[in-house]
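The structure under discussion appears below in the form of structure tokens.
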Amino acid sequence: MIHRTIAAAVTIGALSFGCLGLSNAQVATSKADMGTEQSDKILFDRAMKAMQQAEYAAERTVLKNLINTYPDSDYVPRAKLAIADAWYAQGAFKQAEVEYRDFITFFPNRPEVAQAQLKIEAIHKKARI
């Protein structure tokens, strides 16, 4: 009877230890995932700060880095559109139009497509003046 009690206690202890190990592994994975999300967010925020300071080349560089490093990020569509906006703000309308068209091609169902189309129309109006 004592051997069964000891065996049961050892088994329960082993199971508890195993569960704790699994729990810690899940926490570590969650923290790693959060780090990835923060990294793409940090890059996007850094790019937006550069845009506010009219540092368009730096903004585009950071956004391209974000797109290449985190291709599945939720920030990719916004980054792609922001690259176009940077070219537009800089007055490089041909390059801006290319980027807006790329945005529409890659993200046709995004609500920002209407904004990109309006920018293309504005570029064409500027070309006629």
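The figures follow:
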| quantity | calculated |
| --- | --- |
| Leading residue by the ranking (nearest to the chain's Cα centre (by Cα)) among those in the range 43-78 that are of a type in the set (A, V, I, L, M) and closer than 22 Å to residue 104 by Cβ | 76 |
| Matching residues in the range 46-90 - criterion: being open to solvent by 70 Å² or more (accessible area, probe 1.4 Å), in a helix (DSSP H, G or I) and either free of Cβ contacts under 8 Å to residues at least 24 places away in the same chain or not charged (D, E, K, R) (or both) | 46, 49, 52, 61, 64, 65, 68, 69, 90 |
| Candidate set from the range 110-129 (those that are modelled with pLDDT of 95 or more and not in a helix (DSSP H, G or I)); member that is most open to solvent (accessible area, probe 1.4 Å) | 111 |
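The values are calculated or read from the model by the stated rules, or taken from the named source; none is laboratory data. Keep in mind the model is a prediction, meaning the values are calculated, not measured. Ideal geometry is used to build each Cβ from the backbone, glycine not excepted, and the neighbour counts take in all protein chains shown. All accessible areas refer to the heavy atoms of the entire protein, side chains included, with ligands and DNA or RNA removed. Shrake-Rupley method; radii C 1.70, N 1.55, O 1.52, S 1.80 Å.
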